[in-house]
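Where a number appears in this text, it was derived from the coordinates with a stated rule and is not lab data. Computed from a predicted structure; not experimentally measured. Heads up, the Cβs are rebuilt from the backbone with ideal geometry, glycines too, and the neighbour counts pull from every protein chain shown.
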Amino acid sequence: MAQPPTPAARPLWRRLVGFNLLSAVLLGIGGYYLGWFIGHQIDGKSFAYQEKINENDVALLLGYFFGVVGFLIGLGFANYPVSRLLGRPASLREKEEGGIGRYFGLCTDHKVVGIQYLCGIGLFFFIGGLNAMLIRTELLHSNPTFVGPGQYLTLVGEHGTMMMGMMTSGILGPFANYFVPIMIGARRMAFPRIEALTFWLLMAAGFILTSTIFFGGFPTGWTGYEPLNDQAVMGMDSYICFFALVGISMTLLGLNMMATIITMRAPGLTWSRLPIFVWSVFATSVLMVLAAPMLVSTLLMSALDRTIGTSFFIPGGGGSAYLYQNLFWFFGHPEVYILALPGFGIVLELLPVFTRKPLWGYRLAISGMLGVSLLSFFVWQHHLFVSGINADLRPFYMLSTEIISLPTGFIFLCVMGTLWKGRASFSVPMLFCMGWVFNFLIGGLSGVFISDTPSDTTTHGSFFVMAHFHYTIMGGLVFTFFAAIYYWVPKMVGLNFNEKLAKAHFWLMFLAFNSTFMPLFALGMEGMPRRVSFYEPKFQTLNIWVSVSAFVLGLSMLIFLFNVVYSLIFVREPAQRNPWRAKSLEWQVPTPVPVNNFEQIPVIDSDPYDYGTPVPIGGAVGGPQTAGAS
Amino acid sequence: MSSEAPPAGGGEPDHARRFATIWLVATVLALPLVIFVLGPILPPGNGSDTASGQVTDNTVLLAMATPVLLLVVLYLLYAIVNFRQGAGGVLEGPAVRGHPQLQTSWILITATLVLSLAVYGTVRLETGYGAGSGSGPKPLTVPSGPKLPIQVIAQQWAFTYRFPTYGGVETTHLELPVGEEVEFHVTSLDVIHSFWAYQLGVKADANPGVDNIAFVKPTKIQTFEVHCSELCGLWHGGMFDHGRVVSDAEFEGWIHEQQRIFAPATRVLPPYAKTYLPEPTERGH
């Protein structure tokens, strides 16, 4: 992080006035109370009465709405449209100069936004993780003795919603925003202001979800199924508002990524030379743009059900609870691939660097990712195999779900092919990639059981499903998230991590992760449902084992945090420009990356996987170099 | 499939052949263990025709997954041991960018596996009359012969059971006669629940306003667990009960006793119906 010379020092109070985070927070609070007040006028009932019974959804939703609007105005998002309306000249950039202050406000430099995303998402990832620790503490005993059943459900819901909502941008937010423009030889994203907006929307959303504890929490888990949703107290509105904002943020992020990748590639960077990570970002963006609006409209409908008395989803009023399930999973299944696909990209991007080989099966990998994207829109009713909806169509959803393992298999083949006779060095990012291979394999193979309707009869809604998606999302996404952190953060901040601590983090996390989630397959198969705070005493021992493992998993995260503080704040060992000897474009620019990325836009004449010794025509794979060492 | 890996050369061992041998041996050793040792003890046991069917399905799926699991895990270990950089090394690997025949055969083999899985699942689902899962108001396949209809009514936070062939009596516990085909009609009075009779291999969502049908024939006299497996609010975890599979005579005795005990209640119950739609929820507006 460079510290360009700051403008002449002004008095502190003068610097606090203006469009910055402080005004944003103040305007946000002001907006919230404005909405709260208007809501009570509309509802026409006494203020105090409504406050007591915790039921004025109109006031809370309006409060959130005006709060977010005030927050964004305070940050300065309205300045540009207003100045354009007043006829001032167009500009593409805002507040890209200046010191550390850039990171605390609206800044259109994609590198600043990337780091903002990393810290912001990291914060909420840890809040979500703390929720998980509390959940596991409650499950130490077969009766709810720690936080009680109501608070337990709120913890479950907040953990799930936080992770599913925030971590959708877990890789695209920090790493795609930071590196996609550099990898494609561009100086910025296509829509820099929208890029900043996606981040600040997400932060507002995260705060709103956390605020649910002040309004009674919500009992529905991350799926928000109706009619339980309609029955719930005001805390449910926090869920609705959170996910709607996340949906808007995701849609905009996806559009921005697509526009950038399509229009801003450097000369010579054809589609067949695009780094595979950029391809995975592209596939993910397509999913985001197509799936997330569905979520926003579904939540709008459920907000209307809760406030003005429509009955889209209320069976007693002529609506259908099936409709909600259909709409939600039409978003929800692509959503889980939005989480998984960037992980594919990171593994395939990193493997060539660490095995010193070109990516094996580049086109196969691309077709795998695009295939997953396409198919993910045809599988959603496998979440409803026992619900009785369209029961005759179950063979189709069984088939489409199982077919998804074809493109996913492509990715595995490419991973295996790249490893074949490579010269792998097991640095920390590589270790996390290897962890991904194992975890995602278990996640994928357990998916075969739940994709099969007869087998799913037992596993549906049990801990088996929970273990399955933690293997794909935590084992898939979060492991690659850390791979990306250890791989790219030295470039982003110009400082190295302590490798011993990083290795300890990996091994503890890998072992504790498997020790936490592997037994859950057994628990689910043996008949323990999800999201319960009561269970039979016969499951006690295994649950204690799982909880203790989960605490160790939490401990591994603390090692990571310690490493961040120790290496990046205290030791501050400068990173080399290209420590991994990588050939992709982002490693060729100086560290720290200049504001404009490139002095001159590069001209690309090959893909970035130009590793390895050429193989003699028609001949053996192992050249003289490779033969020597084995 | 690994026998088609790129040919090795130079002074190196023939990695492709070596790995293929390791994988084959491991698979041959593991498969009988999975099928004959692990298979019979797989959940959910042999309490009913559908439960036994699911045990078979789980065994088949596990037997299909084992070679794949071994392939990738052993490959990973093999690669970590063999294809590594020496300490501080800067060696480059071979610049191989693909292997068309291997890629094609991988696609064909995985496609065959996946399609056979889907065909197998479909056949088992439809010949198993929904395999114990909730199959909606009009199941595609229905077992022939006499069936005992039982309505499962879910509400926050308990299941009750209504027997239309026994005067519409509504009981608070569930007993089933062994060896008789049961036709569950699962519905809900409020939010979505899910009726899960674990040892019977039955799971069907209880949706308000929907009649969700599942078939099962209990084959073993035993106690079974009933859970709610769809999050339904505060006491979801406590929505738990034990049911019993009993002999025919014992069942007749039990149900007649229930009819006697609940006679006052039965008189004021609404007439038996497929669903009981509640009034629109009151939320204070």
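Results, tabulated for the structure shown:
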item	result
Percent breakdown of C-alpha pair distances by 10 Å bin, ordered from the shortest bin, for segment A:299-422	12, 31, 24, 17, 10, 4, 0
At q = 0.30 Å⁻¹, base-10 log of I(q)/I(0) for segment A:461-514 (Debye sum, equal scatterers on each alpha carbon)	-1.15
Expected-Rg normalisation [2.2 N^0.38 Å, Cα atoms] applied to segment B:31-138	1.58
Fraction in percent of alpha-carbon pairs per bin - 10 Å, segment A:161-202	27, 52, 19, 2
Among the listed pairs B:147/B:220; A:95/A:583; B:147/B:274; B:138/B:220, those beyond 20 Å (Cα-Cα)	A:95/A:583; B:138/B:220
Rg ratio (alpha-carbon, reference 2.2 N^0.38 Å) - segment A:107-612	0.94
Cα coordinate range in segment A:222-304, projected on the principal axes (Å, largest first)	57, 16, 16
Dimensionless Rg over Rh [segment B:148-268; C-alpha; Kirkwood]	0.94
Percentage relative contact order, segment B:148-268, counting C-alpha pairs under 8 Å, at least six apart	27
Enclosed volume per residue, in Å³, of the convex hull spanned by Cα atoms of the protein assembly as shown	167
Order of B:57, A:610 under a 10 Å beta carbon neighbour criterion, fewest first	A:610, B:57
Computed over segment A:423-467, Cα set: Rg, Dmax in Å	14.9, 46
Percent of C-alpha pairs per 5 Å bin, chain B, short to long	1, 5, 9, 12, 13, 11, 8, 7, 6, 6, 6, 5, 4, 3, 2, 1, 0, 0
Convex hull (Cα only) mean projected area of segment A:63-138, reported in nm² to one decimal	7.4
Computed Rg/Rh of segment A:462-607, alpha carbon atoms with Kirkwood Rh	1.15
Most fluctuating residue given options B:134, B:98, B:53, as computed from a GNM of chain B linking Cα atoms under 10 Å	B:98
